[in-house]
Amino acid sequence: MNNAFLALARKLGKKIKPPGKFSGGKEEKKREEKVREKYDPGGSLRERLDQVKERLGESSDVVVRQFASGNGRVRVAVVFIDGLVDKKIIHDHIIRPIQSERLTGKASELNRSNALETLQQHLTSGGELWVAPDLTQALKRVLSGDTALLIDGEIKILVFGTRFWQGRMVDEPATEAAVRGPREGFTETIRVNTSLLRRRIHHEKLRFETMKAGRRTGTDIMLVYIDDVVNRRVLEEVRRRVAAIDTDSILESGYIEEFIEDSPWSMFPQIEHTERADKAAAAILEGRVVILTDNTPFALIVPTSFFQFIQASEDYYERPFVGFALRLLRLFVLNVALMFPAIYVAVVSFHQEMLPTPLLLSIAATREGVPFPAVGEALLMEGTFEVLREAGVRLPKTVGQAISIVGGLIVGDAAIRAGIVSPAMVIVVSATAISTFAIPAFNASIALRLLRFPLLILAGIMGLYGVIFGLLIMLLHLASLQSFGVPYLSPLVHGTYDDIMKTFARPPWWMSIKRPRLLATSDPRRQSATVHTRPAPGYERELFHDAAEDNSDAGKR
Amino acid sequence: MGRLRFLLPFLLFPLLLLSGCWSRVEINKLAIVKAIAIDYLPGRRAPYIVTLAVIRPAAVAGGGDAAAGGEGGSPTRLFTGVGATIDLALARAGFNISRRIFLSHNEVVLLGEETARHGLHHITDFIIRNPEMRLTNLLLVVPGMAHEILAQGERLEAGITDEIIGLLEQSRETSEAHPQETFLVLRRLSTPGFDPHMPVLKLGPHLSRVIPEFEREKRELQERAGGSGQEGKNGGGGQGGGESGSAEAAPQTELTLAGTAAFCGDRLAGYLNEIETRGFLWLAGEMRAAIITISDPQAPGEKINILITGNITKIKPMVKEGRISFRVEIAAEGDLASQGSHTNLATPEKISGLNSALAGAVKAETKKALAKMQELGTDIVGFGAILNRGNHKAFKAIGDRWPEVFREIKVDIHVTANIRRTGQLSRPVRIIR
C-alpha cells in the first residue's frame with residue numbers, strides 16, 4: 001500500500017516540476033540584454049557607474065569610489081559592499097598603489113590604452129584576482145564580498161578577492177557532542193569549513209567543486225571528494241542533481257537535501273547531515289561526496305545508508321569493543337523507540353497470555369480504574385510528551401527547565417494520582433522518550449518518532465498482528481529505498497560479510513583494510529594488509545631481564 | 001485517475017477499522033483465573049462442580065496507588081458453577097463474574113477424588129481444546145472435594161494458588177510428591193504400558209491438634225526406640241517450630257502436598273503414601289533431593305541422615321522362555337547430612353559400610369512402592385513401555401493383558417549407593433565432659 005503511495009507521489013513530483021526555468025528568468029535576461037545594448041559600446045566610466053547604480057539601486061551598503069591614478073592619466077572606480085569586505089586590503093592594495101604619485105618601472109607607463117594590463121600586472125597587489133568579462137559577472141562577485149575595479153574606457157573589469165566578514169567562531173558542534181574526538185564543528189562560513197576539511201586531508205587529490213544555486217540567494221555549494229577515491233558515476237549523479245536545482249532561495253542544506261534525495265515522499269532521511277568536521281572528513285575518505293553549503297554549518301553526506309544513523313564518530317575513536325557494544329545498544333534502542341508503546345498496547349489489550357503472571361497482575365493492578373483504553377492512554381501520553389519536548393526546544397534555556405519540571409514531574413505525577421493514566425504507561429512512554437534521544441542522528445529519530453504513532457494505532461486495532469503488519473510495510477518501504485544508487489538497507493542487502501560486520505561491530509583500525517564495497521570506490525583499499533605493530537622479538541624479555549638483574553644485584557648488596 | 005490513486009491509500013485505510021478492535025479486552029476487564037478445581041458428584045444430573053480461583057490484582061500488587069483501593073483481604077475470590085459438563089459448569093460460573101473469564105494464566109487444575117475416579121478424558125480434552133488453557137497446567141488430585149482446598153486461607157504467599165504452586169515447586173526438594181504437567185499426563189495416557197500419576201494435595205490436621213497426640217505418645221516412645229515409618233513426617237515437624245507462636249489463631253487444617261495418586265488408564269486406582277512415593281521416584285529415576293535415615297552400622301540405635309543428591313536408574317526387560325522379568329539398577333548418590341554417634345565416619349571403610357546400609361534402605365523403599373503398584377495394578381513407572389521399546393514382540397504378545405501381567409511381574413532390584421561428601425565437617429566434634 002505504501003509502495004503504491006510512493007509511486008504515486010513520485011509521479012506527482014514529476015508533474016509538478018516544470019521542464020524549463022520559472023517565468024521570472026526570461027524577463028530578467030531580456031532586461032539585462034537591454035541594459036547591455038544601452039551602455040556597453042561606450043565603456044566610459046561614468047556610464048558604467050550609472051549602470052551599477054541602476055542595478056544595485058540606492059542601497060546604503062553599496063560603496064562606489066571614483067578616483068584618478070597617480071599620474072592622472074586613467075580614471076578608475078572601486079565598487080564593493082560594505083560589511084562583506086576587508087577595507088584594509090582595498091585601501092592598502094588597490095586604492096593606495098594606484099593613487100600613488102611616484103609610479104616606478106613599468107607602472108609609470110600607465111595610460112588609457114594599457115590600463116588593464118598595467119593595473120593587473122604591476123600596480124595592484126591583491127592576492128586573489130580575476131578578470132571579469134562584463135559588468136554582470138563582476139557584480140555577482142561583488143555581491144559575495146569581492147571588490148570590482150572599473151577602468152575608464154575598458155570593458156573588462158578587475159575583481160579582487162576581498163571577502164571578509166564577521167562570522168561565528170569555530171565552535172564545538174551543539175548537535176553532535178562527543179566525549180572523545182575533535183571539538184571543531186563547521187561554521188556558517190563555507191571558506192572556514194573548507195579549511196577545516198583541508199586541514200584533515202592534506203592530499204593533493206582532495207577537490208572542492210564549487211557550484212551556485214538559488215536564483216536570488218546565489219548560495220555557494222561545494223562538492224567535496226577525493227578525486228581518485230570517489231566513484232565517478234556517483235559524483236556525476238550528485239553534480240547533475242545539484243545543477244538541476246532551480247529555485248530562488250537556498251537558506252540551508254535542508255533545501256538541497258529535499259531537491260536531490262531519491263524518494264522525496266519517504267519518511268526516512270536518505271541523506272545524512274553532520275556538523276562535525278571529522279565526520280565529514282571520514283565520509284570523504286570512505287569515498288562519499290560531502291556537500292557543503294554556505295551559511296549553514298550542516299554538511300550533507302551522500303550516498304547514505306540507514307545504518308549510518310546508528311553510528312557515531314566516537315565509535316571510531318574509542319576502543320573497538322566499546323564501539324561494538326554501543327552500536328548494539330543503539331540498535332536495540334532504535335527498536336524500543338519505534339515499537340515499545342505499540343507492543344505494550346498490543347500485549348496489554350490483546351495478548352495478556354504473553355505476560356508472566358506476576359507482571360500481568362502488576363499491570364492489571366495499575367490499570368484498575370483508568371478511564372481510557374490502553375491505546376487511548378498511550379496516544380494521550382505520547383502526544384503530551386511530544387508537546388513537552390517541542391515546548392522545551394523553543395523556549396529559552398532558563399524557562400525550559402521550568403517547563404520540564406511542571407510538565408514532566410508535576411503533571412505526570414498528578415495524572416497518575418488522579419488515576420487518569422497508569423504508572424506502567426508512564427514508564428513505557430518515558431523509556432521510549434529516552435530511547436529516542438539515544439539515537440545519534442536527530443533526523444532519523446524524528447522519523448521513528450513519527451512512525452511510532454501509526455504503529456500504535458495499528459496495535460490498538462489489531463494487536464501484535466497490526467504491529468507486525470506495520471513493520472512489514474516499513475521494511476518493504478526501506479528495502480525499496482535507494483540513496484544515489486546505493487540500497488538504503490545496505491550492507492544488509494547486497495553487502496559483503498566484511499561490510500555487514502563493519503556496520504554492527506566496529507573492527508580495529510588495523511583490520512579495516514577495505515572501504516565499503518557498495519560505494520564502488522576507484523581505490524577500494526585503505527591499507528595493504530592487516531598490519532598491527534607488535535613488540536620487536538625479544539624486546540619485552542630483554543627489558544624484563546634487565547630489570548630482574550638490577551633487582552637481584554640490589555638484593556645482594 | 002491520478003487523484004484517485006493518490007487518495008487510494010486513504011480510502012483503503014478505513015477498511016482496517018472495519019474489523020473494529022477485534023478481540024480487544026483491556027487488561028483490567030479480565031478475571032484472571034489462577035486455579036481451577038473440578039469436582040464430580042456421581043449420581044447427579046449435573047455432576048460437575050467447577051470452582052475458579054480468580055485473582056484480584058489490586059489486592060496483590062496494590063502498591064502505592066490510592067485509586068485502586070487497598071482494602072486488603074484475600075486476593076482470591078472463588079466462583080463456582082455446576083453443570084452437566086465442565087464447559088457448562090464453567091459457563092455457569094461465568095454468570096457470577098463481572099469480567100471475562102481468562103484462563104491463560106491458570107497454573108493448577110485440582111481434581112477431586114471422584115473426578116479422578118470418573119476418568120480424565122473429559123478433562124484432558126477440555127484442556128487441549130481450550131485455546132486459553134496451557135498444557136503446562138499442573139494436575140493434582142485431592143482426596144475428597146477439590147474446591148475445599150481453594151477455600152483455605154493463604155499462609156505465606158499472596159494467595160492460595162501461590163501456596164499450591166509453591167508447594168509443587170518445593171516438592172522437588174523433598175521428593176515426596178511428583179508434579180505432573182498436563183502434557184506429561186497426556187503422553188503417558190497415550191503410551192501403551194504406561195499409566196499416569198499425579199501428586200496428592202490434601203488437608204491434614206493442623207499441628208495444634210497433632211501436638212497433644214505427640215505428647216501422649218512421647219512416653220511410650222521413650223521406652224521403645226523410634227520407628228522408621230514416622231521419618232517421612234520430619235518435614236511437617238520442622239514447620240511446626242516456626243508456626244507454634246500463632247498456633248491458636250491458625251486454621252484448623254493444613255495444606256499438605258505428599259503422596260501420589262496412581263491411575264490405571266485414565267481412572268484413579270489408588271494412592272501411594274509418602275514413603276512409597278519416594279520408592280516410586282527411585283524406580284522412575286526422578287529422585288532429586290531427600291533425607292533418608294539409616295541406622296548406624298557401628299553404633300546400633302543411633303541414626304545417620306543422608307541427604308540424597310541424585311540417582312540414576314536403569315531398567316532392563318528380560319524375556320526368558322516367555323517369562324518376563326525386569327532388572328532394575330539404581331545408583332543413589334548422597335551426602336552425609338548428620339550423625340547421632342561420635343564415631344568418625346569419614347574413612348573409606350566406614351563410608352562403604354554406610355553405602356551398603358543406604359542401598360538397603362533404598363531397596364526397602366522401592367520394594368514397598370513396587371508392591372503397592374502391583375497391588376493397585378498401575379504401571380506408573382512404565383515397565384510396559386520399557387518392554388515395548390526393548391522387546392516389542394514380547395510386549396505385543398501380551399497385548400491388552402499388560403495390567404494383569406504387571407501385577408505378577410518379577411522385578412529384580414539392585415541398588416548401589418555412593419556417599420560422596422560429608423558436609424562441612426569430616427570428623428564429628430568430640431564433646432569433652
Task: Listed residues B:F183, B:N311, B:G340: farthest to the positive end of the dipole of chain B (Cβ charges) - done: B:F183
TODO: Give, rounded to the nearest 20 debye, the magnitude of the charge dipole that the protein assembly as shown has about its Cα centre when Lys and Arg contribute +1 at Cβ and Asp and Glu contribute -1 at Cβ.
DONE: 2380
Open item on the list: Cut-off under 18 Å on the C-alpha distance; same-chain residues fewer than 8 positions from A:K156 excluded. Which aspartates and glutamates are left, in chain and number order?
Closed with: A:E32, A:E33, A:E37, A:D40, A:E47, A:D50, A:E117, A:E128, A:D134, A:D146
Open item on the list: Quick one: 3J(HN,Hα) in Hz for the stretch A:157-171, Karplus 6.51/-1.76/1.60 with θ = phi - 60°, rounded, Gly and Pro as x.
Closed with: 10, 8, 10, 9, x, 10, 5, 6, 8, 6, x, 6, 6, 5, 9
Task: Contact order relative to length of the stretch A:38-160, as percent, for alpha carbon pairs under 8 angstrom and 6 or more apart - done: 30
TODO: Evaluate Rg over Rh across the stretch A:190-316, taking Cα atoms for both radii and Kirkwood's formula for Rh.
DONE: 0.94
TODO: Treating each Cα of the protein assembly as shown as an identical point scatterer and ignoring solvent, apply the Debye formula and state log10 I(q)/I(0) at q = 0.05, 0.08, 0.09 Å⁻¹.
DONE: -0.59, -1.03, -1.14
Open item on the list: Report the per residue volume, in Å³, of the convex hull enclosing the C-alpha atoms of the stretch B:273-433.
Closed with: 119
TODO: Return the sequence-ordered ³J(HN,Hα) values of the stretch B:121-131 in whole Hz as given by the Karplus equation 6.51 cos²θ - 1.76 cosθ + 1.60 applied to θ = phi - 60°, using x for Gly and Pro.
DONE: 4, 4, 6, 5, 4, 4, 5, 5, 6, 5, x
- [ ] Step through the table entries A:K53/A:K106; B:K29/B:K202; B:K316/B:K372, compare each Cα-Cα distance with 27 Å, and write down the pairs that go over it.
- [x] A:K53/A:K106; B:K29/B:K202
Task: Reach of A:K502 by Cα under 14 Å, taken over aspartates and glutamates that are not fewer than 8 positions away in the same chain - done: A:E286, A:D315
TODO: From other protein chains only, count the Cβ atoms within 10 Å of every residue's Cβ in A:350-357, then give the mean.
DONE: 5
TODO: Could you line up B:V381, B:V142, A:V52, B:V25 from fewest to most neighbouring Cβ atoms inside 10 Å?
DONE: B:V25, A:V52, B:V142, B:V381
- [ ] For a footprinting-style exposure proxy, rank B:F395, A:F442 by other Cβ within 10 Å, fewest first.
- [x] A:F442, B:F395
Open item on the list: For chain A, what does the helix formula give at 222 nm: sum of -39500 (n - 2.57) over DSSP H segments with n ≥ 4, over the residue count, nearest 500 deg cm²/dmol?
Closed with: -14500 deg cm²/dmol
Task: Sequence of B:E213, B:E176, A:E109, B:E163 once ranked by neighbouring C-beta atoms within 10 Å, starting from the fewest - done: B:E213, A:E109, B:E163, B:E176
Task: Radius 12 Å from Cβ of B:G265, net charge of other residues (Lys, Arg +1; Asp, Glu -1) - done: -1
Task: Dimensions in Å of chain A - Rg and Dmax from alpha carbons - done: 31.6, 106
- [ ] Could you tell me which of B:G360, B:F280, B:V405 has its Cα farthest along the dipole of the stretch B:273-433 towards the positive end, charges placed at Cβ (Lys, Arg +1; Asp, Glu -1), taken about the Cα centre?
- [x] B:G360
Task: Pairs from B:K218/B:K314; A:K87/A:K397; A:K140/A:K397; B:K34/B:K303; A:K205/A:K514 whose Cα-Cα separation, in the structure shown, is over 31 Å - done: B:K218/B:K314; A:K87/A:K397; A:K140/A:K397; B:K34/B:K303
TODO: Sort the stretch A:32-153 into rounded, prolate or oblate with this rule: let a ≥ b ≥ c be the square roots of the eigenvalues of the Cα gyration tensor; rounded if a/c is under 1.5, and if a/c is not under 1.5, prolate when a/b is larger than b/c, oblate otherwise.
DONE: oblate
Open item on the list: If I model a spin label at A:S60 and A:I434 as a point 7 Å from the Cα along the Cα→Cβ vector, what separation in nanometres do I get?
Closed with: 5.4
Open item on the list: Only four residue types carry charge here, +1 at the Cβ of Lys and Arg and -1 at the Cβ of Asp and Glu. Report the dipole size of chain B about the Cα centre in Debye, rounded to the nearest 20.
Closed with: 1240
Task: Average partner coverage of B:101-107, which counts Cβ from other chains inside 10 Å - done: 3
- [ ] Compute the Cα gyration tensor for the stretch A:80-138, then decide on rounded, prolate or oblate, letting a ≥ b ≥ c be the square roots of its eigenvalues: rounded whenever a/c is under 1.5, prolate when a/b is larger than b/c in the other cases, and oblate in all that remain.
- [x] oblate
Task: Rg to Rh quotient for the stretch A:335-419, alpha carbon positions, Kirkwood Rh - done: 1.05
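Rule-based calculations on the coordinates, nothing more; no lab input. Computed from a predicted structure; not experimentally measured. When we count neighbours, we look across all protein chains shown, and the Cβ atoms used for this are built from the backbone with ideal geometry, even at glycine.
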